[in-house]
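Q: This structure is in C-alpha cells; I'll ask about it shortly.
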Amino acid sequence: MAIGAQVTNLPYILSLVTGARQMRRREFGRGVAAWAAGGALMRRAMSEENSSGGITDVEGVKVGHFTDSRRPTGCTVLIFEKGATAGVDVRGSAPGTRETDLLNPTNTVQQVQAILLSGGSAFGLDAATGVVRYLEEHGLGFRVGSVVVPIVPAAVLYDLNIGDPKIRPTAESGYKACENASSGNVAEGNVGAGAGATVGKMFGGKQAMKSGLGTASIRIAKTGVVVAAIVAVNAVGDVVDPKTGQIIAGARTPDGSGFMDSMAQIRAGRGVEMPAGANTTIGVVATNVAFDKTQMTKIAQMAQDGLARTINPAHTLADGDTIFAVATGATSTRVNHGAIGALAADVMARAVVRAVMSARGLAGLPAASDLRSPARG
C-alpha cells in the first residue's frame, strides 16, 4: 500500500463529534443536574465546544515532538513552565511508566514540570532523561535546598514491530522534543509518540492498520474553562466511530477488503492473537482550572472512558493504557471536578478519532485515509 496523504477531512471528524454530542446530551443533563455549577458547565460545553483545537489551548501547556527519520518512532513532551498538578490512571495490564508513584495523592510532590509520551517500549523511557536534563538547564523542577529536581512522569508504547527495533527514542530524543516545544498548533498523525503507532492487531500485524497521535479541545464560552486531550493510539483493538459504533480503523480481513470486527470474532469463539505488552494507548488530558492531586486522579480515571467509547476491546492484558491528567490553574473559575472529568472523557474520545483519521499509511499498513468506504467483514 502506498503512503497515504495527510487527512484533511475535518467535516467528517466534526460529524463524528456532533453525533456523539447529540447522543449524550440528554443523559449528561440528567446525570449532572445536582452538580449546580458543574451541570451548567456541562450544558454550555455541549452547545459551545470548540472541537477543532488541541491541548495547547490550555494556557500553560507547551508541546514538542521528536520524530525519528530512520524508522517510525518518536516521543512527545508536554512542558508546564509554571508547574501543573497531576494525576494518573493506569488501566491496561502491560504498562511501561516512570514516576507515576509520585502522582499518588498521599505523596509529597504536588506539581510536575513535564510529561513524556514515547515509543520504543521500555527502552523509550530513556527519553525522559533528556527531558529532565533540559528542564534542569532551565531551572524548572522541585526545589530541594539548592538543587532543582525536575519531575517528569512518563509512559511508553510498543512500536518495535515496525522497522529496526534497535532504533528507539533516547535521552537526546527527549531533549530535542523539549527544544521543539511551543504553545502553537500541535502536529498530529505520524509524529512523536504516534509515529509508529498501529491498531487492530488482534489477528497479527499483517492485518493491522496505521494509527498515530491526535489532540482535541473543548472551550466553554463565558467561563474561560478549557479541557483538552492528546493521545497516541497503539491499541490491540479496533477504533470505532462513537456516533454509530462502526469501525473506522482496526483488524482487516485477510484480503484487506473490510474489517474483521475483533469483538464479533471473540463472540464467535474464534482464536485470536493477543501478544502481551505489544500495544498500549497513552495520553494526557489537561484543564486550566485549579485542582488538587486527588481531584486530578479522579479526572484521569474518568478520562479513560474516552478510550472505552472508541477502542474495542480496550484495557486488555496486551495493552498498557495509561492516562495522565494535569491542571495548570491558569483560570480562577471554580468548577466541579466531576464535570471536568466527564468533559475529559468526551475530548479524549475525539482525540482518539483524530489520531486514526490523521495517520498516514505505510507500506503494508494502510491508514483510515486509504480506505475510502471500507465494508465491515
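Q: In this structure, does R168 turn out to be among the basic types (K, R), in contact (Cβ under 8 Å) with a residue 40 or more places away in the chain and assigned to a loop (DSSP other than H, G, I, E, B)? Before you say what the answer is, go through the steps one by one.
A: Details: among the basic types (K, R): yes; in contact (Cβ under 8 Å) with a residue 40 or more places away in the chain: yes; assigned to a loop (DSSP other than H, G, I, E, B): yes.
Against the criterion (among the basic types (K, R), in contact (Cβ under 8 Å) with a residue 40 or more places away in the chain and assigned to a loop (DSSP other than H, G, I, E, B)), R168 qualifies.
Q: Can you give me the number of residues within region 249-298 that are within 29 Å of A195 (Cα to Cα) and either polar (S, T, N, Q) or within 19 Å of the chain's Cα centre (by Cα) (or both)?
A: Going through region 249-298 one residue at a time, the tally reaches 20.
Q: Can you tell me which residues in region 149-164 are within 20 Å of I282 (Cα to Cα) and either part of a helix (DSSP H, G or I) or of a type outside the set (V, I, T) (or both)?
A: Hits for region 149-164 are P153, A154, A155, L157, Y158, D159, L160, N161.
Q: May I pose another question? Does A114 count as crowded, with 24+ Cβ neighbours inside 10 Å, out of contact with any Phe, Trp or Tyr (no Cβ under 7 Å at 6 or more places or on another chain) and among the hydrophobic types (A, V, I, L, M, F, W, C)?
A: On the way: crowded, with 24+ Cβ neighbours inside 10 Å: yes; out of contact with any Phe, Trp or Tyr (no Cβ under 7 Å at 6 or more places or on another chain): no; among the hydrophobic types (A, V, I, L, M, F, W, C): yes.
No.
Q: Please go through (1) polar (S, T, N, Q); (2) buried (at least 16 other Cβ atoms within 10 Å of the Cβ); (3) more than 15 Å from R354 (Cα to Cα) for T281 and return the number of the only condition it doesn't satisfy.
A: For T281, the failing item is (3).
Q: On the given criteria, is F291 at negative phi, crowded, with 20+ Cβ neighbours inside 10 Å and in contact with a Lys or Arg (Cβ under 6 Å, 6 or more places away or on another chain)? It would help to see each step written out before you state the result.
A: Working: at negative phi: yes; crowded, with 20+ Cβ neighbours inside 10 Å: yes; in contact with a Lys or Arg (Cβ under 6 Å, 6 or more places away or on another chain): no.
For F291, the condition - at negative phi, crowded, with 20+ Cβ neighbours inside 10 Å and in contact with a Lys or Arg (Cβ under 6 Å, 6 or more places away or on another chain) - is not met.
Q: Determine which single condition A351 fails, assuming it passes every other condition in (1) in contact with a strand residue (DSSP E or B) (Cβ under 9 Å, 6 or more places away or on another chain); (2) within 17 Å of S211 (Cα to Cα); (3) surrounded by fewer than 24 Cβ atoms within 10 Å (Cβ to Cβ); (4) of a type in the set (A, V, I, L, M, F, W, C).
A: (3)
Q: Among the residues in region 279-291, are any among the small types (G, A, S), in contact with a helix residue (DSSP H, G or I) (Cβ under 9 Å, 6 or more places away or on another chain) and assigned to a strand (DSSP E or B)?
A: Yes: region 279-291 contains one or more residues that are among the small types (G, A, S), in contact with a helix residue (DSSP H, G or I) (Cβ under 9 Å, 6 or more places away or on another chain) and assigned to a strand (DSSP E or B).
Q: Got a sec? Which of V356, V326 is assigned to a helix (DSSP H, G or I) and surrounded by 24 or more Cβ atoms within 10 Å (Cβ to Cβ)? Talk me through it step by step, then tell me what you get.
A: Values: V326 fails: assigned to a helix (DSSP H, G or I).
Only one candidate qualifies: V356.
Here, each number is a calculation from the coordinates, and none is a lab measurement. Predicted, not measured: the structure shown is a model, and the values here were computed from it. With ideal geometry, Cβ positions are generated from the backbone for all residues, glycine too; neighbour counts draw on all protein chains shown.
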